[in-house]
1. Considering only residues that are open to solvent by less than 30 Å² (accessible area, probe 1.4 Å) and hydrophobic (A, V, I, L, M, F, W, C), which ones fall in the range 237-261?
2. Within the range 100-128, take every residue that is of a type in the set (S, T, N, Q) and outside any helix (DSSP H, G or I) and give me the one that is surrounded by the most Cβ atoms within 10 Å (Cβ to Cβ).
3. Go through the range 280-296 and report how many residues are modelled with pLDDT under 90, over 14 Å from residue 105 (Cα atoms) and open to solvent by less than 30 Å² (accessible area, probe 1.4 Å).
4. Out of 67, 54, 113, 35, report the one residue that is closer than 27 Å to residue 194 by Cβ and modelled with pLDDT under 85.
5. Looking at the range 1-42, which of its residues are farther than 20 Å from residue 111 by Cα and not in a helix (DSSP H, G or I)?
6. Tell me yes or no: at least one residue of the range 129-144 is free of Cβ contacts under 8 Å to residues at least 12 places away in the same chain and open to solvent by less than 40 Å² (accessible area, probe 1.4 Å).
7. I'd like the residue in the range 192-216 that is over 17 Å from the mean Cα position of the chain (by Cα) and in a helix (DSSP H, G or I) and, out of all such residues, is modelled with the lowest pLDDT.
8. Tell me, yes or no, whether the range 49-59 has at least one residue that is open to solvent by 80 Å² or more (accessible area, probe 1.4 Å) and in a helix (DSSP H, G or I).
Amino acid sequence: MKELLNLQLMMFLLILIGLILKKTKIVGKTGQKNITDMVIDLILPCNIVVSFMIDFSVKILKNFAVILIISLVLQIFCVILGGVLYRKCSPGRRKCLRYATICSNAGFLGNPIAQGIYGNMGLTLASIYLIPQRIMMWSEGVSVFTEAPSKKEMLKKIFTHPCIIACEIGIILMLTGIRPPEFLDRTIVSVSNCNTAMSMLVIGMILADADLRSLVDKDVLFYSVIRLLVIPFLVWLPCYLLRVDRLVTGVSVILAAMPAGATTSILASKYECDGEFAVKLVVFSTAVSLITTPLWSMFLHSVL
């Protein structure tokens, strides 16, 4: 518990630093976008590759299969849930809410948290867990705002995504036992070590854009309860009843408890679907997750 508390306090301070950097204009809007792209396209892929450099075993293969199934079932459930829950909302809000239910911030925020709580194996499992979400992001997720992309375009986006490529490289390294030359290995590890700090700084920059006076309304509150409490509970309960491996359960629940993905506001703005509301969803759910994530971590620590 002491280690978990230190992890959460460290992340909170990094988020606070990111917020200050944005508020004081040391980092502007363009700088924030560039840092975000660097995390997604370089730092996070290096982090994923490093997480796969472990000794392979049958148990690991079994855990990979189980967490992949959990994630796949959850994604299908979230698509259905998003289509049912928000029918009474305006068309623009409904699209934002549906997308944010399908595509959480599990990759950007969840990876460093999974690694911080469960170590490199936690990060490895998180990388496998995120494969169905990344596929859904470029298919059903994008089709929420616009027409569904063609199969060729969808497959191109999936298989050329840096994090998917990193998973492929990592799996090869894990299965073969091959390791990069020492100079390359040290480079990848050095870049990988920046992941938690840079990810949390960006979260702080996102929070800096929030107008606290108009941030909360009933739709934002309803979504946050569903995303941060109901969905992770619906992941934990069957895992607990079926006695799924403790590590697999922990990583699955933590990633299921992540807030709305930043791409929600990006796509909403691009396709003119109530971009202001999308920013509220992202900012408020991210802010509340700073409270709910430690609570889920403590809950899992006590029951698993």
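The values are calculated or read from the model by the stated rules, or taken from the named source; none is laboratory data. Just so you know, these numbers come straight off a predicted model, no measurement behind them. Using ideal geometry, Cβ is built from the backbone for each residue, glycine included, and neighbour counts are taken over all protein chains shown. The area values use the complete protein model at the heavy-atom level, side chains included, leaving out ligands, DNA and RNA. Shrake-Rupley method; radii C 1.70, N 1.55, O 1.52, S 1.80 Å.
1. Answer for the range 237-261, where residues must be open to solvent by less than 30 Å² (accessible area, probe 1.4 Å) and hydrophobic (A, V, I, L, M, F, W, C): 239, 248, 251, 253, 254, 255, 256, 257, 258, 260.
2. Our first condition is that a residue be of a type in the set (S, T, N, Q); within the range 100-128, this holds for 101, 104-105, 111, 115, 120, 124, 127.
Retained after the next criterion (residues that are outside any helix (DSSP H, G or I)): 104-105.
Numbers: 104: 28, 105: 25.
The qualifying residue surrounded by the most Cβ atoms within 10 Å (Cβ to Cβ) is 104.
3. 1
4. Values: 67 fails: modelled with pLDDT under 85; 113 fails: modelled with pLDDT under 85; 35 fails: modelled with pLDDT under 85.
Checking each option against the conditions leaves just 54.
5. Once the filter is applied, which keeps residues that are farther than 20 Å from residue 111 by Cα and not in a helix (DSSP H, G or I), the range 1-42 yields 24, 25, 26, 27, 28.
6. yes
7. Residue satisfying both the conditions and the ranking: 212.
8. First, pick out the residues of the range 49-59 that are open to solvent by 80 Å² or more (accessible area, probe 1.4 Å): 55-56, 58-59.
Restricting the remaining residues to those that are in a helix (DSSP H, G or I) gives 58-59.
The answer is yes; a qualifying residue exists.
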